[in-house]
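The values are calculated or read from the model by the stated rules, or taken from the named source; none is laboratory data. For clarity, every value in this text was computed on a predicted model and none was experimentally measured. All Cβ positions, glycine included, derive from the backbone under ideal geometry; neighbour counts span all protein chains shown.
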Amino acid sequence: MGQLQLRAEVHGERLLQARELFFDQGDYPDGLVDPLILRSWERCRRFGVGDPHLTDVTSTMDRVALKTEQERNRFLLMQSRPIMEHVFEQIRESGSMVILADANGLLLETVGDPDFVSRADRVSLMAGASWDENLRGTNAIGTALAEESPVTVLGAEHFLDHNGFLTCCASPIYGPDGRLVGVLDISGSYRTLQRHTLGLVRLSSALVEKRLFETAHARDILVCFHSRPDYLGSPKEGIAAVTPDGRVLAMNSSGTEILGIRQIDAMRRDFSIVFESNLSALIDRLRHTPQGSQELCVNGKLIHVQLRGQLPAPSVHPGRGSDERALPLRQARRAEVGNVPAITLDTLNTGDARLQAAIDRARRMLGRDIPILIQGESGAGKEIFAKAFHNSGPRHDQPFVALNCASIPETLIESELFGYQGGAFTGARKEGAPGKIQQANGGTLFLDEIGDMPLNLQARLLRVLQERCVTPLGSTKTIQVDIALVCATHRKLREEVARGSFREDLYYRLNGMSVTLPPLRERSDIRALLTRLAAAEVPDPTMPVRFSEGALKAIEGYAWPGNIRQLHNAIRVAIALLDEGEQLITEKHLPEELFEAPLTAAAPAPAAGGGEPRWANELPAGGGSLDEIGRQAALRALEAAGGNISSAARNLGISRNTLYRKLGRM
């Protein structure tokens, strides 16, 4: 007899005895109730949920408020609805319902048998009601959120007496970033208990998670893997989202379990470190077997791997061998000045005298063994300038390898930069891994935010630059390297040297030739830059957008603390808010920040650590599509207006129909 059946039998005298001991006498019903349920009862009593014998009086939100929350969780709803409908078809006419709740226990949508739905309505088991454990006591949805694990709550195990007619099975749903985003639940009468219900809801939540992950990373390379080849394509497969240059963006929970690592061990690390293999070589092998898989050995485990999603086009260089050190990056990172292929110093010039001077100085260094130091505020385009410098010189067909010294934990920078020998530290791949310096051999190494590099690593980097060789962690063997070095920082390195946080000898070694990029507020070519950025974002090149004179003056008068990055995002928002067929961007399409700040305001100091300004952080990571930016801008306006469509539309300066259209695409 299964566990659920045993628990169902307890619903008689033993469970009544357990409730009396716990709720009426304040004693512990050892052995009479499941430990998970007892933990929940204890939480409910500790946080003062109320008298379990009283009728629940918790209200549900009105339609407008519910609509706002549904819009907020639109992505989750869109990916969950097909799964919910399919599950309901499997349990139709069983006196049950399928429920989706958000991460706070708010019921977003339900589908079920009419007879049971009418009974469920009497206890507010309906969309718009919160089933958070702190409000309604022990219940599958709220308790699954509290425990962060699948939960079954049978009949009288519910904290509130009047919910005792229910049997509910719920399983948490985790988003692509590993955070808890919701719960999927199947509820029914305790008299119709089905032994496989919990398994069904767990499988369904896994399917939702898979859809969420694949949709969120539809533009990335999806590395799908499992120890058993027949599990590829199933909800149990591991999935990692990887950029074309080999950076792991995300990994689902199945993937971390299969590899035996934590999320933090995979995020933002190089593919070669996580999977102990070269991504470019794996892509090349799998091109010949698109429906097949390749075997990899990771941490001593054999896994089978498939690639899906947006694979980069093949890159062939005549006369070059298969040496992995010479494999170029397949695709440059999307830059602040638009997705322009093979951007060069010439194409960067849009008429500003100070930028032109920086370009002219950099051009004189092409092909010379002189390090370049790019200085400028955060968002001013330092990385794209470095990429343009690389593309303009004799190393343009060799690797361009970038490392942001401020975005990688101090404990990882050393292995990322210098590489390591097998067994150098816990979790290291047994055959070792090359660092960024080795990967850049023959090409250009770009060290962004060099001012944030720890002092102990500055000495090692100086030795590499002087001796032109690198020694991986755990090794005594030196490897000769040939690199052009470009560094960037928003800090004033002279001041960092004076404070003792940056080595003076390294400063003079890096500062072979320094260029300073002007902040956007001081540039004279903003209108030309606007034209270029907008042209790169318009979906249909036959319908270019224009800017009204009022919009141009607002843009030119703003301080732009986030520089080109912020301007780029503002243009994307403006284009996303244009109505269909509309081509003129006016003041109403621009962010409110442009009109709130004084026109003569000085630029605020950059965020600690050189991070992005607050305004930029409100936009989707990686920029997102124009549709997505439009949706998020519309949703934020709706939230600010308290769910009032007319007010939100007025604040955005668009029609109600346009706002509905923006929200409808979420």
Kindly indicate whether ARG268 is closer than 25 Å to ILE408 by Cα and either in a loop (DSSP other than H, G, I, E, B) or not assigned by TED's automatic domain parsing to the domain that holds PRO114 (or both).
yes
Can you list the strands (runs of 3 or more DSSP E) found entirely within region 148-252 that contain at least 1 residues being within 30 Å of ASP24 (Cα to Cα)?
151-154, 166-174, 180-189
Out of contact with any His (no Cβ under 7 Å at 6 or more places or on another chain), modelled with pLDDT of 55 or more and outside any helix (DSSP H, G or I), is that true of ILE629?
no
If ALA554 satisfies every condition in (1) more than 29 Å from GLY443 (Cα to Cα); (2) not in a helix (DSSP H, G or I) but one, which is the exception?
(2)
Say whether the condition of being assigned to a loop (DSSP other than H, G, I, E, B), over 28 Å from the mean Cα position of the chain (by Cα) and modelled with pLDDT of 85 or more is met by at least one residue in region 416-437.
no
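For region 13-48, how many residues meet the condition of being in contact (Cβ under 8 Å) with a residue 60 or more places away in the chain and either over 44 Å from the mean Cα position of the chain (by Cα) or on the phi > 0 side of the Ramachandran plot (or both)? Explain how you work it out, then say what you get.
We begin by selecting, within region 13-48, every residue in contact (Cβ under 8 Å) with a residue 60 or more places away in the chain; these are 15-16, 19, 33-34, 36-37, 39-41, 43-44, 47.
Checking the rest, the ones that are also either over 44 Å from the mean Cα position of the chain (by Cα) or on the phi > 0 side of the Ramachandran plot (or both) come to 15-16, 19.
Qualifying residue count for the region: 3.
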Suppose we filter region 88-131 for residues that are aliphatic (A, V, I, L, M) and part of a strand (DSSP E or B); how many remain?
9
Restricting attention to region 193-205, does a residue exist that is under 30 Å from ASP284 (Cα atoms), surrounded by 24 or more Cβ atoms within 10 Å (Cβ to Cβ) and assigned by TED's automatic domain parsing to the domain that holds ASP115?
no
Failed condition for HIS162, given (1) in contact with a Ser or Thr (Cβ under 7 Å, 6 or more places away or on another chain); (2) modelled with pLDDT of 90 or more, with all others met?
(2)
Members of region 219-251 that are more than 15 Å from GLN306 (Cα to Cα) and out of contact with any His (no Cβ under 9 Å at 6 or more places or on another chain)
ARG219, THR243, PRO244, ASP245, GLY246, ARG247, VAL248
Report those helices (runs of 4 or more DSSP H) wholly inside region 452-541 carrying at least 1 residues which are in the same structural domain as GLY376 (by TED's automatic domain parsing), crowded, with 17+ Cβ neighbours inside 10 Å and in contact (Cβ under 8 Å) with a residue 40 or more places away in the chain.
455-467, 493-499, 504-510
Exclusive hit being within 19 Å of LEU355 (Cβ to Cβ), of a type outside the set (Val, Ile, Thr), touching a residue at least 24 places away in the same chain (Cβ under 8 Å) and buried (at least 16 other Cβ atoms within 10 Å of the Cβ), set ALA559, ALA570, ALA576
ALA559
